[in-house]
1. What angle do you read, to the nearest 10 degrees and between 0 and 90, between the alpha-carbon axis of helix 150-159 and the longest principal axis of the chain?
2. Would you mind computing, in nm to one decimal, how far apart the modelled labels at ASP164 and GLU216 are, each placed 7 Å from Cα along Cα→Cβ?
3. How big is the charge dipole of the range 1-80 about its Cα centre, in debye rounded to the nearest 20, if each Lys and Arg gets +1 on its Cβ and each Asp and Glu gets -1 on its Cβ?
4. Average projected area of the Cα convex hull of the range 167-230, in nm²?
5. Work from the charge dipole of the chain (Cβ charges, +1 for Lys and Arg, -1 for Asp and Glu, about the Cα centre) and give the residue of ALA241, ALA202, SER220 farthest towards its positive end.
6. Roughly how many nanometres apart are two label points built 7 Å out from the Cα toward the Cβ at ARG246 and ALA44?
7. Taking the DSSP beta bridges in the range 1-137 as the whole, what percent of them are antiparallel, to the nearest 5?
8. Applying a 10 Å radius around every beta-carbon, put 51-64, 137-150 in order of their mean neighbour count, most first.
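Every number in this text was worked out from the coordinates using simple rules, so none of it is lab data. Note that the coordinates shown come from a computational prediction; the quantities given were computed from them, not determined experimentally. Glycine also receives a Cβ, built like all others from the backbone with ideal geometry; neighbour counts cover every protein chain displayed.
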Amino acid sequence: MPDELVQYSTDRGIARIALDSPGNRNALSAALVGQLTDAVLAAAADDRVRAIELTHTGSTFCAGADLTEASQGGMQAGTARLLSLLKLLVSCQKPVVGSVDGHVRAGGLGLVGGCDIVLAGPASTFAFSEVRLGLAPAMISLTTLPRLSPRAASRYYLTGETFDAATAARIGLITEAVDDIDAGTRAVLDALRAASPQGLTATKPLLTGELLAGFEQRASSLAELSARLFGSAEAAEGMAAFLEKRKPRWAEPSA
């Protein structure tokens with residue numbers, strides 16, 4: 001049996017899905033993406049489930065792509081898997097609530113953007129770190145760019161700076177920064193339990209039209225861009241530097 005990288009449980013109409021690969025910082029390996037996709041599909045098909053909670057174990061919600069896998073080349077399959085997962089989160093008829101109290105980087109922000117409601121606790125930090133690896137937030141722009149203010153997108157996409165939960169809420173990436181993630185999440189889930197299943201199913205498409213239109217219009221070209229960048233020499237240097245815990249060559253001071 002493969003390692004279980006995703007926890008799945010249900011409680012009073014809520015399917016709880018937790019990324020559970022803390023040793024790998026919940027990186028988006030092929031196995032984790034596959035198991036996460038299966039869990040979301042299971043929740044979507046269960047008539048007893050009214051909403052989905054997406055959360056994590058460990059101090060990192062999701063570190064983005066599994067750079068060990070990515071550095072071995074051939075990212076076309078990986079980009080296709082992530083693209084399908086992001087579209088599934090957005091198109092799922094049941095509301096998806098992100099409950100985050102840890103670090104979120106790169107592709108992990110794509111998951112956050114794919115949720116309908118996101119709460120983040122005080123341990124949360126965020127960064128569109130692709131630019132520092134010779135990459136670009138290509139596919140995750142489908143779920144994050146429509147949510148961000150234009151000026152915030154420019155700053156954080158281009159600099160790769162780390163920002164906190166309060167900033168994430170201010171710029172529209174998340175719904176709310178909370179002091180107590182458990183209490184905050186419980187309040188939102190209880191509110192969804194009080195809602196009509198039919199009402200939720202009919203309401204969610206009103207909110208996701210722009211996101212889904214972006215998938216239809218731009219997904220193919222963005223997937224090609226992502227795969228091309230992952231295959232470049234500059235990205236190879238960026239990923240090697242990250243794995244070796246050193247600065248990439250372009251970040252070194254001039255001689």
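1. Roughly 50 degrees, rounded to the nearest 10.
2. Using points 7 Å along Cα→Cβ, the separation is 4.2 nm.
3. On the way: 5 positive and 10 negative charges, 47 e Å.
Computed about the Cα centre, the dipole is about 220 debye.
4. Taking the Cα atoms of the range 167-230, their convex hull projects to 7.0 nm² on average.
5. Ranked along the dipole, the leading option is SER220.
6. The modelled label-to-label distance comes out at 4.4 nm.
7. Numbers: 6 of 25 bridges.
The antiparallel proportion sits near 25 percent.
8. Those peptides, ordered most packed to least, come out 51-64, 137-150.
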